[in-house]
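Novice: What follows is a structure written as structure tokens; I'll ask about it next.
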Amino acid sequence: MCARTWESGGTAAQKPPLVLVCVAIPIAIAVLMPLTYLVIRTAGVGEEKLLTLISRPRTLQVLLNSAILAIVTPILTAAIAVPLAFLTWRTDLPWRRFWLIATTLPLAVPDYVCSFALIAAFGPKGSWLQWLLEPLGVQELPEIYGWGGTLLALTLLTYPYMLLSIWTGLQGIHPAQEEAARSLGYNQIETFWRVTLPQLRPSLLAGGAIVAMYALQDFGATTVMRFDAFTRAIYILYRYTFDRHQAATLALMLAGLVLLLLWLESKARSRAVYYSQTTTCYHSHPTVRLRVWKLPALIFCCVVVSLGLILPLAVTLFWLWRSWLSSGLSEVASLQKLLELAWHSIFASGLAAVAATACALPVVVLSVRFPSRLTTAIERCTYIGFGLPGIVVALSLVFWGANYLPWLYQTLPMLVFAYLVMFLSQSVGTVRSSLLQITPQLEESARSLGKNPWQTFTAITFPLLRSGVWSGALLVFLTAIKELPATLLLAPIGFNTLAVHIWKATENVSYSDAAASSLVMLVVSIGSTLLLLSQTSLKELITEAPILIKEVD
């Protein structure tokens, strides 16, 4: 049995506590700072120059490339996630519980580590595949750089987001509908295409929106694969030219594209109603017997897990082993150095998780318990940061810090603030999902017994929210520890993290250092992902825009 869900915990007539409003409004304003910078910087370009920058063939090509990525990547992830979700939830697939976890763990693999692994395995020269095919006369494989490698990397990196969404959708389908289709003479395949898949449309749209935004924001895969997308073009302009106006213009175009996607997803959601007319949230479905399809299903799961999880681990271990053989342990990153890098990464990401949780609580309480135009606007502002890539947020904070807050520029608080802007929505979405499942009558009963609002929150609400709060903090931690572009531009001098060290070591062709740091990163990330999976339900893992949840009596 699961808790009943509520459309809102209060009424529009209730006035929100002034303290919460005074805390939540500055949070919303802070999240809007990067977008404000882009508008200010672009406004200073001038109309004529702005039109010239936008109409350049290279700019239009970058725009087209990014738009196609945002369209094609969700389609490819859906082609992987839909059969995976059905196999792991509805069939007699052997070791189903193992595949449930293994197909989710690629969430822990950083994009740059996955991309380097794909190049090492399938690159045109010196790759594992080319080495295996060399006895057959294959001296050089086709280029993996560009469209092919980028789409492959992004698909492997993002299909778990689609998978989580599809899993949630499958749990919400009542078995009576499929049973009715079977009674009308449909076989299992026809039932899936005519009944099950149409009901998964909201989940496909939700997962597709997340995947599309990830594809637009990605920096590591597009840069490693030498693909001209917005993030790579912005980074090159910022690091190797003095034209900040063009970088800001591209960043604003990217932000506009992402915000348009968020708006379209929000409009689609606002017309949807998600509810269950039964007292249970999860229904027992008859198990589908795979029979002759069991072996192909196992091969499919093995290929997906091998490419998304085992390959990055194998390449990392191979680099480390080869470095030990050729140079000895002295050339590999020392244990003390690795521990320092790991501590920096864990410390900064941990601070971001704590900050995001502390900021999410007042925003969520306001939006759920005191719904109004003001509280809704405050909550929606927190999602803007999720739509801004790390390179865009970093550029804006460099501007604000260098010009107005020099004492904060390139300090740890500024780096943590960047993480907060980008990942606050993940904590807000998870905590909001938990609060919506807590009936407000519990809080009203405590108030009727003489408890003040703070006592009611600490004694009643927060203990029931603990799982959602913990899950949101872990999700922010897991995402922040892998963040690269913002860390590259904003980390304090001498404050190297695992992500930055892996990137710089690979640029310097120091694969021993990169391999050792990548291994530590994978261990920390996979451990965090396993902890996250053990603490939260699949539905709470979906970091989406707010869902309209209605109570049905």
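Novice: According to the Cα gyration tensor, what semi-axes, each the square root of 5 times an eigenvalue, does the equivalent ellipsoid of the range 335-414 have, listed from largest to smallest in whole Å? The partial results should precede the final answer.
Specialist: Working: eigenvalues 177, 71, 24 Å².
Working from the Cα gyration tensor, I get semi-axes of 30, 19, 11 Å.
Novice: Taking the alpha carbon gyration tensor of the range 75-138, what are the square roots of 5 times its eigenvalues, largest first, to the nearest whole Å?
Specialist: Working from the Cα gyration tensor, I get semi-axes of 31, 16, 12 Å.
Novice: For the range 29-82, report the translational diffusion coefficient in µm²/s to the nearest whole number, using Stokes-Einstein at 20 °C, 1.002 mPa s, and a Kirkwood Rh over Cα pairs.
Specialist: In µm²/s, the coefficient rounds to 154.
Novice: Starting at the first residue of the range 43-55, write each ³J(HN,Hα) from the Karplus equation 6.51 cos²θ - 1.76 cosθ + 1.60 with θ = phi - 60°, in whole Hz, x for Gly and Pro.
Specialist: 5, x, 6, x, 4, 5, 5, 4, 5, 5, 5, 5, 8
Novice: Once you list every other residue whose beta carbon is under 14 Å from the beta carbon of Asp228, what net charge do they have if Lys and Arg are +1 and Asp and Glu are -1?
Specialist: +3
Novice: Once amide H atoms are placed 1.01 Å from N in the peptide plane, what residues at a sequence separation of 5 or more from Val288, or on another chain, have their amide H within under 5 Å of its amide H?
Specialist: Here Thr91, Asp92 satisfy the definition.
Novice: Just add up the charged neighbours of Thr375: K/R +1, D/E -1, any other residue whose Cβ is under 11 Å from the Cβ of Thr375.
Specialist: Residues near Thr375 contribute +3 overall.
Just so you know, all these numbers are worked out from the coordinates, no wet-lab data involved. What you see is a predicted model, and the numbers here were worked out from it, not measured in a lab. Here Cβ is always computed from backbone atoms with ideal geometry, including for glycine, and neighbour counts include all displayed protein chains.
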